[in-house]
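The values are calculated or read from the model by the stated rules, or taken from the named source; none is laboratory data. Fair warning: this is a prediction, and the values are worked out from it, not measured in the lab. In this analysis, Cβ positions are derived from the backbone assuming ideal geometry, glycine residues included, and neighbour counts consider all displayed protein chains.
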Amino acid sequence: MPISQQQTMTASAVRPLLRFIEQHDIPLNDILQGSMLNEQKLNSERLAIKSYDQLLVNISRLTQREDIGFIAGQGLELQSFSLLGFLLSTCETGRDALVTMRRYYMLLSDTPAPEIFITKNEIKVLYHISPGCDLAMRARSELIATGIHSLGKAIGGKIYQPLRIGFKHSKPNYHAQLEAFFNVEIVYNQAECWISFAADHVDQPLQYSNPSLYQVLQNQAENLLAGYQNLDSISAKVRHVLQQWPNQSAANKEAVAELLNTSPRTLTRRLQEEGTQFSHLLRDVRMEKAQAQLESHQVDMQELAHNLGFADRRGFERAFKQWSGRTPSAYHKNWRIESREIEHA
């Protein structure tokens with residue numbers, strides 16, 4: 001299976017679409033057709049991009065709307081990105097936020113992170129769109145541009161000054177709506193998608209630009225830290241961070257140590273003092289997430305293996321059997337049998 005079909009993105013991007021179909025009285029099952037998704041997966045942390053694309057196609061067909069990605073982008077809620085909100089709330093300047101966004105882009109998607117070019121007068125964010133059908137690629141590119149624009153206005157306030165936007169796709173019928181929303185020149189048929197804005201105030205403090213949003217992010221950070229600070233052991237704190245991290249393959253010891261304000265060497269030593277290792281905690285969290293996903297009626301084992309950070313399905317199956325004593329398929333089959341028995345009890 002091509003790697004592009006295995007890439008994932010945050011499930012937060014589907015929530016605006018769900019609100020949109022509710023407004024049009026469209027049954028949920030109608031938009032799930034062909035997507036390998038169910039209601040439980042929609043409430044998870046990650047979705048396969050190919051499944052998200054199918055949702056876009058279905059909703060566009062059912063509503064007769066071509067601007068479905070633009071609609072989703074406008075409905076994004078920043079507070080739904082809990083760990084990313086926590087990280088952004090620690091940024092002091094626009095430059096810090098850009099670096100943080102690029103470094104932790106895997107919290108949003110495991111596609112390549114955007115490239116950021118900063119000159120004296122301009123900042124250009126070039127972002128990549130995974131392959132898919134024309135409608136889905138256009139929708140995702142507009143979703144990302146709209147999200148970047150909304151985030152820039154929210155955390156940058158008046159210091160955020162967009163200059164131009166470029167899309168790979170040709171000019172759509174709803175071009176005037178995009179232009180009115182972004183209020184800048186939009187160019188099409190570009191080699192890559194990008195958005196640029198003025199660099200004049202990139203080093204000014206962010207927290208004073210939009211106090212209301214900063215308070216939201218601070219509240220998120222405090223909620224996250226409240227649970228963290230109530231944990232006594234370092235191993236419990238590491239597990240807490242790993243459970244918040246959507247893509248476990250990106251959660252290496254160095255990144256987790258940085259979030260815990262310590263060094264990888266100190267983290268290793270303190271975990272050894274508690275009789276465990278980082279790799280053991282990472283394995284347990286991955287397997288617990290696998291166990292939760294296997295307790296559903298529809299499971300794509302290959303997709304699940306990839307989402308958990310395994311190179312292939314066989315590696316996932318070996319790890320899960322070693323951890324639980326059963327293969328993922330056997331665990332899933334047994335869960336379905338027990339579920340039916342409970343339903344008919």
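Any idea which residue in region 98-156 is surrounded by the most Cβ atoms within 10 Å (Cβ to Cβ), counting only those that are within 23 Å of Val14 (Cβ to Cβ), out of contact with any Phe, Trp or Tyr (no Cβ under 9 Å at 6 or more places or on another chain) and of a type in the set (D, E, K, R)?
Asp110
On the given criteria, is Ala145 in a loop (DSSP other than H, G, I, E, B) and either within 25 Å of Gly94 (Cβ to Cβ) or within 17 Å of the chain's Cα centre (by Cα) (or both)?
no
Tell me, yes or no, whether region 168-184 has at least one residue that is crowded, with 18+ Cβ neighbours inside 10 Å and among the β-branched types (Val, Ile, Thr).
There is no residue in region 168-184 that is crowded, with 18+ Cβ neighbours inside 10 Å and among the β-branched types (Val, Ile, Thr).
Could you say whether any residue in region 94-102 is in contact with a His (Cβ under 9 Å, 6 or more places away or on another chain) and not assigned by TED's automatic domain parsing to the domain that holds Ala251?
yes
Out of the residues in region 142-171 that are among the hydrophobic types (A, V, I, L, M, F, W, C) and touching a strand residue (DSSP E or B) at 6+ places or on another chain (Cβ under 6 Å), which is nearest to Leu108 (Cα to Cα)?
Ile144
Taking only pairs six or more apart or across chains, which ones have beta-carbon atoms under 8 Å, a first residue in region 104-127 that is free of Cβ contacts under 8 Å to residues at least 60 places away in the same chain and in the same structural domain as Leu47 (by TED's automatic domain parsing), and a second residue that is aromatic (Phe, Trp, Tyr) and surrounded by 15 or more Cβ atoms within 10 Å (Cβ to Cβ)?
Ala113/Tyr105; Pro114/Tyr105; Pro114/Tyr127; Glu115/Tyr127
Among the helices (runs of 4 or more DSSP H) confined wholly to region 266-345, which include 3 or more residues that are over 23 Å from Ser51 (Cα atoms), in contact (Cβ under 8 Å) with a residue 60 or more places away in the chain and aromatic (Phe, Trp, Tyr)?
none
Of all residues in region 150-169, count the ones that are free of Cβ contacts under 8 Å to residues at least 60 places away in the same chain and assigned to a helix (DSSP H, G or I).
4
What do you reckon, is Asn252 modelled with pLDDT under 80 and either within 29 Å of His306 (Cβ to Cβ) or not hydrophobic (A, V, I, L, M, F, W, C) (or both)?
Against the criterion (modelled with pLDDT under 80 and either within 29 Å of His306 (Cβ to Cβ) or not hydrophobic (A, V, I, L, M, F, W, C) (or both)), Asn252 does not qualify.
Of the conditions (1) surrounded by fewer than 17 Cβ atoms within 10 Å (Cβ to Cβ); (2) more than 30 Å from Ala176 (Cα to Cα); (3) at pLDDT 85 or above, His24 clears all except one; give me its number.
(2)
Tell me, yes or no, whether region 70-91 has at least one residue that is of a type in the set (S, T, N, Q), modelled with pLDDT under 85 and not in a helix (DSSP H, G or I).
The answer is yes; a qualifying residue exists.
Please specify each residue of region 275-303 satisfying the condition of being at positive phi and in contact with a Ser or Thr (Cβ under 6 Å, 6 or more places away or on another chain).
Within region 275-303, no residue meets the criteria.
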